[in-house]
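**Student:** A single structure is presented below for examination.
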Amino acid sequence: MTALRAAIVAGVGRRVFYGWAIVAAAGLGIFASGPGQSHTFSVFVEPVSRDLGISSATIATAYGLATLAAAFLLPQMGKLIDRHGPRRMLLVVVVLLGLACLLFGAAANILWLTLAFGTLRFFGQGALMLGCANVVSQWFSRGRGLAMSLMALGFGVSMAVHPPLSQALVEALGWRQAWVLLGLSTWLLMLPAILLLIHDKPEPLGLRPDGAPAETETTAAGADDIGGLTLREALRHPSFAILAAGFFGVSMTVTILHFFQVKILGAQGLDSDVSARIFAVSAVTMVLCMPLVGRLFDRVRTRRVIALGLLITALSPLAITFADSLPTAIAYALIFGLNNAFSMTMFGYIWARYFGRRHLGSIQGTGQLIAVIGASVGPLPIGLAFDLTGDATLALWLVALYPLTAAVVTLFFLRTPQGVAGQEHLE
C-alpha cells in the first residue's frame, strides 16, 4: 500500500501539483456526505412516517434535536483531526458513516430514529465535511479559494444526484434497503480514495502548499508555515467572533430558505412544481459561480469578499419575498445560488486563512459548531410568523438585517491575527 501510494504521488506529480488530487478526493468526500445532508433526508420523511406511524412533525423535531446534539461533538472531532491527521480520521468517519446508514435503515421507533439521525448528521454533514475541508486547507495557501470552491462542487453534485437516486431506490426496493445501498456506496466511493490518494500535508512528501518549490522561503512563496494559533488564542481574538457571527447568519439564512422555500413561494401564488424547479436553478447557479468565487478569495482582500458574500446572503431573504411569478422566482433562485457559492467556499476557507494550519481542526470544528447552531434555530422565527400571522414577509426582512450588519462589521473590523503569515497580500 505504501509503495502504491508513493507511485501515485510520483505519477500525478509529473503532470500537476499533487494538491489537485487531494481536491478531487475531498470533493468526492463532500459528495459522499450526501446521506447525512438535508436534501437526502427529505425523500425519506413520508415513507418513514407511514412505516413507523410517526408524524412528519415528530420526525422533523427528532431531526432538529439530533442535528443540534451532533454539532456539539464537532470541536472534539476537530481536536482528533489535529492529533491524528485528517487521513486517519476520514477513514474512521467513512466506516462509521456507512454503519450509520445501516442503523437508519433498521430504525424501529422514534428513539432509534433520533439516534440514527444524530449519527448520520455527525459523521456525514459534520465530520466528513470537516475532514475534507481540513486536508484541502493543508495543501493550499495562495490558491486555497479556488481549491475550496472546486471541492465544494461535490455538494452541488450531491444535491443533484442523491435525492432522485434515493427516490428511485425507495420506489424499487423500499426505504430500508435504500439506506443499505447508500451505506455500501459510501464505502465503495470513499475507502479507496482515502487509502490511496489522501496525504495529510505536503511537507512530508517534500512539497509545499500550492506546489511552491521546497527550497523557497515561506514569505517569498506566499505559502503558510505549519503554524498558527491555538484554539484558545483564536477564541480570544476579535476576528474569531466576527467570522463565527457572520457564518452563524449565513447558516441560519440558508437553512431558512431551504426549509421554507416551497411554503414561502406557495403563499405568494406559485405552485409546488415551480418551487421544485427553482431548487435546480439555484444548484446550477451555485456550481457555475463557485470557481469565480474561489478566484475572488485568492485575489481580493478577504474581508471585502466575505462582506460581499454576506450582502448577497442578506439579499436572498429579501428577494424571495418579491418572488410572485416565474421570472421573479428565477431571479431569486439566481441570487440564492450565488449565495450558496459564497457560503460553501467560505465554509472551508476562512478558518485556515485567519488562524493558520497547526490547530486548524479544533478551530474549524468550533466554528462549524456555531454555524450548525445557527442552522438549528434559524427556521423557528419564520415558522412562528406563519403560525401567528400566515405571512413571513416581515420576519424575512428582519432576518436580512443580521447578515447585513455582519457584512458591515466584517468590512471594517476583520483583520488577520499577529503570528499568522502567508496571506499578507489579502490583508
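**Student:** Kindly indicate which of TYR349, TYR402 is at pLDDT 90 or above, hydroxyl-bearing (Ser, Thr, Tyr) and surrounded by 23 or more Cβ atoms within 10 Å (Cβ to Cβ).
**Tutor:** The conditions single out TYR349.
**Student:** For a quick check of your reading: which helices (runs of 4 or more DSSP H) sit entirely within the stretch 316-408 and have at least 1 residues that are over 29 Å from GLY269 (Cα atoms) and not basic (Lys, Arg)?
**Tutor:** Numbers: elements: 326-355, 360-377, 379-389.
Those helices (runs of 4 or more DSSP H) span 326-355, 360-377.
**Student:** Return a yes/no flag: does the stretch 260-272 have any residue that is farther than 18 Å from ALA385 by Cβ, crowded, with 24+ Cβ neighbours inside 10 Å and not assigned by TED's automatic domain parsing to the domain that holds VAL157.
**Tutor:** No, the stretch 260-272 contains no residue that is farther than 18 Å from ALA385 by Cβ, crowded, with 24+ Cβ neighbours inside 10 Å and not assigned by TED's automatic domain parsing to the domain that holds VAL157.
**Student:** Going residue by residue through the stretch 238-254, is there one that turns out to be of a type outside the set (Asp, Glu), outside any helix (DSSP H, G or I) and either under 30 Å from VAL399 (Cα atoms) or at pLDDT below 95 (or both)?
**Tutor:** Initial filter on the stretch 238-254 (of a type outside the set (Asp, Glu)): 238-254.
Pick out the ones that are also outside any helix (DSSP H, G or I) and you get none.
No; the residues of the stretch 238-254 include none that is of a type outside the set (Asp, Glu), outside any helix (DSSP H, G or I) and either under 30 Å from VAL399 (Cα atoms) or at pLDDT below 95 (or both).
**Student:** Mind listing whichever residues of the stretch 55-88 are buried (at least 18 other Cβ atoms within 10 Å of the Cβ) and β-branched (Val, Ile, Thr)?
**Tutor:** Across the stretch 55-88, the qualifying residues are ILE59, THR67, ILE81.
**Student:** Of the conditions (1) part of a helix (DSSP H, G or I); (2) within 24 Å of ARG295 (Cα to Cα), LYS201 satisfies every one except a single condition; which number is it?
**Tutor:** (1)
**Student:** Here is a follow-up. Which is closer than 30 Å to VAL262 by Cα, over 14 Å from the mean Cα position of the chain (by Cα) and free of Cβ contacts under 8 Å to residues at least 40 places away in the same chain, of ALA323, ALA319?
**Tutor:** Numbers: ALA323 fails: free of Cβ contacts under 8 Å to residues at least 40 places away in the same chain.
Exactly one residue qualifies, and that residue is ALA319.
**Student:** When the residues of the stretch 184-201 are narrowed to those that are over 16 Å from PRO35 (Cα atoms) and not hydrophobic (A, V, I, L, M, F, W, C), which ends up surrounded by the fewest Cβ atoms within 10 Å (Cβ to Cβ)?
**Tutor:** PRO192
**Student:** Right, something else. Among the residues of the stretch 145-157, are any out of contact with any strand residue (DSSP E or B) (no Cβ under 8 Å at 6 or more places or on another chain), of a type in the set (A, V, I, L, M) and surrounded by fewer than 18 Cβ atoms within 10 Å (Cβ to Cβ)? Reasoning before the result, please.
**Tutor:** Applying the first criterion (out of contact with any strand residue (DSSP E or B) (no Cβ under 8 Å at 6 or more places or on another chain)) to the stretch 145-157 yields 145-157.
Checking which are of a type in the set (A, V, I, L, M) leaves us with 146-148, 150-153, 157.
With the extra rule that they be surrounded by fewer than 18 Cβ atoms within 10 Å (Cβ to Cβ), the set shrinks to 157.
Among the residues of the stretch 145-157, at least one is out of contact with any strand residue (DSSP E or B) (no Cβ under 8 Å at 6 or more places or on another chain), of a type in the set (A, V, I, L, M) and surrounded by fewer than 18 Cβ atoms within 10 Å (Cβ to Cβ), which makes the answer yes.
**Student:** Among residues belonging to the stretch 208-235 that are surrounded by fewer than 17 Cβ atoms within 10 Å (Cβ to Cβ) and polar (S, T, N, Q), point out the one that is modelled with the lowest pLDDT.
**Tutor:** By that ranking, first place goes to THR219.
**Student:** Could you please let me know if ALA193 is out of contact with any strand residue (DSSP E or B) (no Cβ under 7 Å at 6 or more places or on another chain), part of a loop (DSSP other than H, G, I, E, B) and either under 20 Å from GLY126 (Cβ atoms) or at pLDDT below 95 (or both)? I'd like the intermediate steps shown before the answer.
**Tutor:** Numbers: out of contact with any strand residue (DSSP E or B) (no Cβ under 7 Å at 6 or more places or on another chain): yes; part of a loop (DSSP other than H, G, I, E, B): no; either under 20 Å from GLY126 (Cβ atoms) or at pLDDT below 95 (or both): yes.
So ALA193 does not fit the description; no.
**Student:** While we're here: If ASN339 passes every condition in (1) within 14 Å of the chain's Cα centre (by Cα); (2) within 29 Å of ASP82 (Cβ to Cβ) but one, which one does it miss?
**Tutor:** Status for ASN339: all satisfied but (2).
**Student:** Has the stretch 292-305 got at least one residue that is over 24 Å from VAL262 (Cα atoms) and among the acidic types (Asp, Glu)?
**Tutor:** Initial filter on the stretch 292-305 (over 24 Å from VAL262 (Cα atoms)): 292-305.
Within this subset, residues satisfying the condition of being among the acidic types (Asp, Glu) are 298.
Scanning the stretch 292-305 turns up at least one residue that is over 24 Å from VAL262 (Cα atoms) and among the acidic types (Asp, Glu).
Per-residue answers, yes or no, for (1) touching a residue at least 12 places away in the same chain (Cβ under 8 Å); (2) under 19 Å from ALA152 (Cα atoms):
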site	(1), (2)
ILE264	yes, no
GLY269	yes, no
ARG277	no, no
SER282	yes, yes
PRO291	yes, yes
VAL300	yes, no
LEU311	yes, no
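**Student:** Only one of ALA26, ALA7, ALA3 is hydrophobic (A, V, I, L, M, F, W, C), farther than 27 Å from GLU171 by Cβ, in a helix (DSSP H, G or I) and touching a Gly at 6+ places or on another chain (Cβ under 9 Å); which? Please lay out each step first, then the result.
**Tutor:** Details: ALA7 fails: touching a Gly at 6+ places or on another chain (Cβ under 9 Å); ALA3 fails: touching a Gly at 6+ places or on another chain (Cβ under 9 Å).
Exactly one residue qualifies, and that residue is ALA26.
**Student:** Report whether or not SER316 is of a type in the set (Ser, Thr, Tyr) and closer than 30 Å to PRO86 by Cα. Walk me through it before giving the result.
**Tutor:** Details: of a type in the set (Ser, Thr, Tyr): yes; closer than 30 Å to PRO86 by Cα: no.
It is false that SER316 is of a type in the set (Ser, Thr, Tyr) and closer than 30 Å to PRO86 by Cα.
**Student:** With respect to the numbered conditions (1) in contact (Cβ under 8 Å) with a residue 12 or more places away in the chain; (2) of a type outside the set (A, V, I, L, M, F, W, C); (3) within 14 Å of TYR63 (Cβ to Cβ); (4) touching a Ser or Thr at 6+ places or on another chain (Cβ under 8 Å), which one is the sole condition not fulfilled by SER42?
**Tutor:** So SER42 meets the others, but not (4).
**Student:** So, one more: Test of understanding: among LEU91, LEU80, LEU150, LEU102, which residue is in a helix (DSSP H, G or I), modelled with pLDDT of 90 or more and in contact with a Pro (Cβ under 7 Å, 6 or more places away or on another chain)? Step through it out loud before you land on a result.
**Tutor:** Working: LEU91 fails: in contact with a Pro (Cβ under 7 Å, 6 or more places away or on another chain); LEU80 fails: in contact with a Pro (Cβ under 7 Å, 6 or more places away or on another chain); LEU102 fails: in contact with a Pro (Cβ under 7 Å, 6 or more places away or on another chain).
Answer to the selection: LEU150.
**Student:** Check VAL93, VAL135 and return the single one that is in contact (Cβ under 8 Å) with a residue 40 or more places away in the chain and of a type outside the set (Ser, Thr, Tyr).
**Tutor:** Details: VAL93 fails: in contact (Cβ under 8 Å) with a residue 40 or more places away in the chain.
Residue meeting the stated conditions: VAL135.
**Student:** LEU311 is checked against (1) at pLDDT 95 or above; (2) farther than 30 Å from GLY422 by Cα and fails just one. What number does that condition carry?
**Tutor:** Only one criterion is unmet by LEU311, namely (2).
**Student:** Sticking with this one: Could you go through the stretch 411-424 and let me know if any residue there is acidic (Asp, Glu) and over 30 Å from ARG83 (Cβ atoms). I'd like the intermediate steps shown before the answer.
**Tutor:** So the first thing to find is which residues in the stretch 411-424 are acidic (Asp, Glu), and the list is 424.
Applying the additional criterion that residues be over 30 Å from ARG83 (Cβ atoms) yields none.
So far as the stretch 411-424 goes, no, none of its residues is acidic (Asp, Glu) and over 30 Å from ARG83 (Cβ atoms).
The values are calculated or read from the model by the stated rules, or taken from the named source; none is laboratory data. Nothing here was measured: the structure is a model prediction, and the numbers come from that model. Using ideal geometry, Cβ is built from the backbone for each residue, glycine included, and neighbour counts are taken over all protein chains shown.
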